[in-house]
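This report refers to the structure that appears directly beneath it.
The values are calculated or read from the model by the stated rules, or taken from the named source; none is laboratory data. Given the structure is predicted, the values throughout are model-derived calculations rather than measurements. FYI the Cβ positions are ideal-geometry reconstructions off the backbone, even for glycines, and counts take in every protein chain you see.
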Amino acid sequence: MWIGGRRPVIEALRAGSASRILVARESRPGPTTTEIRTSAQACGIPCSDVSREELRRHVADEVSQGVAADVRLPELLSVSRLMDDVAAADPAPLLLLLDRIQDPRNLGSLLRTADAAGVNAVVMTEHGTAPLSATTVKASSGALFHLRLAQASNLSRAVEALRAAGVWTYALDESGDQTIYDVDLKGSTAIIVGSEGRGVQRLVGQRADVRISIPMAGRVESLNASVAGAIALFEAARQRGQ
């Protein structure tokens, strides 16, 4: 898949996920472009100077920033495989569960936040979730290349499996039983973020250990999914001393 944007391309190179780089001849030289060329050379990846027209055949102008890369997306693991990997890496993991996030920019933003907040892995629903696309990569600023990602055909069963493995599951819900500041997020924790407009599915919310809310002082009753997820994840990071 072809992606555009200097930062996403740099992160793809750092993760070893890029196989070819294109740079527009008309691009102004700068530290970021130099870093891309240097990293590509160090990794033995072809880096070619091409015309803007050639670049447009792969990536639109508004997202390319004069750079494009042919990349391999991260493998989508099963929930059981992911849990084995995470358990071996961290005795008290922080997980993010995404319940039908349909906007690719929201999905990318949540993945970028997950990386920044120290999330060990992200589980996405197989159906109703935006696909991992060039738009998602750009919105994540390339962070998705550094994350463990899993796909669940049935999120409520995934929640049950996590609970059986000793992970406490918290579903974000504006009418939640407790606020994000009332619960202990320092242990093995999974935070569930629901879709834009509909929130967490009813059965998923019922299977979770606790439904948690974000206190709101204004007149608007809810937050954008990616904003709500960011607030909850960084509260977890704060409690963990990150």
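What to note about this one:
- Residue satisfying condition, being surrounded by fewer than 24 Cβ atoms within 10 Å (Cβ to Cβ), free of Cβ contacts under 8 Å to residues at least 40 places away in the same chain, under 18 Å from the mean Cα position of the chain (by Cα) and under 19 Å from residue 1 (Cα atoms), within set 130, 134: 130
- Note on the stretch 88-121: residues that are surrounded by fewer than 21 Cβ atoms within 10 Å (Cβ to Cβ) and either β-branched (Val, Ile, Thr) or farther than 19 Å from residue 75 by Cα (or both) amount to 8.
- Restricting attention to the stretch 167-216, the residues being touching a Pro at 6+ places or on another chain (Cβ under 7 Å) and either surrounded by 22 or more Cβ atoms within 10 Å (Cβ to Cβ) or of a type in the set (Val, Ile, Thr) (or both) number 1.
Let's see how each residue does on (1) more than 21 Å from residue 83 (Cβ to Cβ); (2) of a type in the set (S, T, N, Q); (3) in a loop (DSSP other than H, G, I, E, B):
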| residue | (1), (2), (3) |
| --- | --- |
| 151 | no, yes, no |
| 161 | no, no, no |
| 176 | yes, no, yes |
| 182 | yes, no, yes |
| 185 | no, no, yes |
| 218 | yes, no, yes |
| 222 | yes, yes, yes |
| 231 | yes, no, no |
| 242 | yes, yes, yes |
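- All positions within the stretch 224-242 that are within 12 Å of residue 186 (Cα to Cα) and either touching a Lys or Arg at 6+ places or on another chain (Cβ under 9 Å) or not basic (Lys, Arg) (or both): 233, 234, 235, 236, 237, 239, 240, 241, 242
- Some residue of the stretch 12-20 being in contact (Cβ under 8 Å) with a residue 60 or more places away in the chain, within 23 Å of residue 108 (Cα to Cα), buried (at least 16 other Cβ atoms within 10 Å of the Cβ) and in contact with a strand residue (DSSP E or B) (Cβ under 8 Å, 6 or more places away or on another chain): yes
Let's see how each residue does on (1) β-branched (Val, Ile, Thr); (2) at pLDDT 95 or above:
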| residue | (1), (2) |
| --- | --- |
| 79 | yes, no |
| 85 | no, no |
| 91 | no, no |
| 101 | yes, yes |
| 113 | yes, yes |
| 125 | yes, yes |
| 128 | no, no |
| 141 | no, yes |
| 146 | no, yes |
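Rundown of residues vs (1) outside the structural domain of residue 155 (by TED's automatic domain parsing); (2) in contact with a Pro (Cβ under 9 Å, 6 or more places away or on another chain); (3) more than 12 Å from residue 137 (Cα to Cα), yes/no style:
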| position | (1), (2), (3) |
| --- | --- |
| 46 | yes, no, yes |
| 50 | yes, no, yes |
| 58 | yes, no, yes |
| 62 | yes, no, yes |
| 84 | no, no, yes |
| 88 | no, no, yes |
| 93 | no, no, yes |
| 97 | no, no, yes |
| 111 | no, no, no |
